[in-house]
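Working notes, beginning with the structure itself.
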Amino acid sequence: MMDAMTRIHGICERAGSPEQPLGPGVTVPASVPLLVNFDLRRVIGRAALARDADGSITASAEVTGEGAALLGDLRYLAIGVSHVRVSHDGGCPSGRITSGEIRSVAIVRANIDPDLPPYEVEP
């Protein structure tokens, strides 16, 4: 018997994040691994990424098995960025990420951006 599949969609990085916004120099691949709490041993799928007109990044993923069981507890998406270069001349507490590459998306309890909405479960 096949596991039921759940599709999720949401913002994983808001362009206006007050904590550590991403600049346009950050590479956004078409898809990346979807992790549980950034644990590389807990890959539960792949997330398709897109950057919208204002610079926010959204993710869509199909989740099955263990990942689907966690969706009630882990309500937010967050990104992992490698090869990061940060500029501290923008007034953000952690600086602005000016370059790097998104390497993963994770389902998490909370994102560092306090205004990021939770992802949506699509019918």
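Each reported figure results from applying straightforward, stated rules to the coordinates on display, with no laboratory input. None of the values given here were measured: they were computed from a predicted structure. No Cβ is skipped: glycine too gets one built from the backbone with ideal geometry, and neighbour counts run over all protein chains shown.
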* Amide proton proximity set for S56, modelled H, under 5 Å, gap of 5+ -> A15
* **Under 5 Å, built H, 5+ apart or other chain: amide partners of R42** => V36
* **Cα lying deepest toward the dipole's positive end in the range 36-103, options F38, A78, A53, charges on Cβ** => F38
* What distance in nm separates the simple spin-label points at S99 and E19, each placed 7 Å from Cα in the Cβ direction? -> 2.5 nm
* Net dipole in debye of the range 51-95 [+1 Lys, Arg Cβ; -1 Asp, Glu Cβ; about Cα centre; nearest 20] -> 140 debye
* Can you tell me the dipole magnitude for the chain around its Cα centre, using point charges on the Cβ only (Lys, Arg +1; Asp, Glu -1), in Debye to the nearest 20? => 300 debye
* To do: Show that you can apply the helix-only estimate: for the chain, add -39,500 (n - 2.57) for every DSSP H stretch of four or more residues, divide by all residues, and state [θ] at 222 nm to the nearest 500.
  => -1000 deg cm²/dmol
* Using +1 at the Cβ of each Lys and Arg and -1 at the Cβ of each Asp and Glu in the range 12-123, identify which of Y119, A68, I102 lies farthest towards the dipole's positive end. => I102
* Structure fact -> Length gained if E122 through A69 is fully extended, taking 0.36 nm per residue and subtracting the Cα-Cα distance, is 17.5 nm
* To do: Provide the descending list of Cα extents for the chain along its principal axes, expressed in whole angstroms.
  => 54, 27, 25
* **Electrostatic dipole magnitude of the range 60-123 [Cβ: Lys, Arg +1; Asp, Glu -1; Cα centre; debye, to 20]** => 280 debye
